[in-house]
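Following: one structure in structure tokens, then a few remarks.
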Amino acid sequence: MGGFGRIARRAWRRTVPIAIGGLVLGAVIGVIIRNGDDVLTRTLTIIGFGLSIGGLSGAASLLPTTFKLGPSIQLPAQGLDRAQRRALRRAVFSARPLGKPGSEMAHRASDWARGAALSLPVVLGQFLLLYAGIAGPQLPSLVRDDPWSAGIARGLVFLLAAMSIGITIVFRRQIRGARRYLEAVGNR
């Protein structure tokens, strides 16, 4: 699992400057593009372009890493039936050690927890960056006079914000559970 840890750390070191560079580039493009005369519309255009380019470039930067980290979760559960995989996931996310220490299921569960603790933060970051990239272009439309386009933009931004909050809560709980599982197994 050490190789997977290096892959995840390298992905974050690569993605942060890419996303920040995309944010700055998008903000510069937003300054160049004139979208209305009022200050609020221009500000939302600058922020929207920055979020769009920064979010999409960051999400694209993390995409190969999610594919590379996939085996860290898939391999420990390989060969298990559906009920065993479900029991493995539940045990890890609830931080309750599975099986007797040293058993095959206990070993698989600890490997799966290590993989989840490494890959779930990357997947969460990718989702959040993607949602920021999708919501960014909608920001200038939030204050339009046209109720139809403003309503669609408000609905989309609200939906993406609600989904981001929900996904963040679920993933953070799962990441904490996987880390607590590893701590509990390490103490046995």
Exercise for review: Could you do me a favour and compute the accessible area per residue for region 127-179, 1.4 Å probe, result in Å²?
Suggested key: 59 Å²
Practice item. For region 30-105, restrict the atom set to alpha-carbon positions and state the Rg and Dmax in Å. Key: 23.1, 68
Exercise for review: Could you list which residues have their amide H under 5 Å from that of ARG144, counting only those 5 or more apart in sequence or on another chain, with H placed in the peptide plane?
Suggested key: none
**Study point:** Whole-percent carbon and sulfur share, accessible surface of region 96-188, 1.4 Å
**Key:** 64 percent
Practice item. First select every other residue whose beta carbon is under 15 angstrom from the beta carbon of GLY21; then total the charges, Lys and Arg +1, Asp and Glu -1. Key: +2
Practice item. Compute the Cα gyration tensor for the chain, then decide on rounded, prolate or oblate, letting a ≥ b ≥ c be the square roots of its eigenvalues: rounded whenever a/c is under 1.5, prolate when a/b is larger than b/c in the other cases, and oblate in all that remain. Key: prolate
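The values are calculated or read from the model by the stated rules, or taken from the named source; none is laboratory data. Since this is a predicted model, take the numbers as computed values, not measurements. Because the Cβ atoms are built from the backbone with ideal geometry, glycine has one as well, and the counts that use them run over all protein chains shown. Surface accessibility is based on the protein's heavy atoms, side chains included, excluding ligands, DNA and RNA. Shrake-Rupley method; radii C 1.70, N 1.55, O 1.52, S 1.80 Å.
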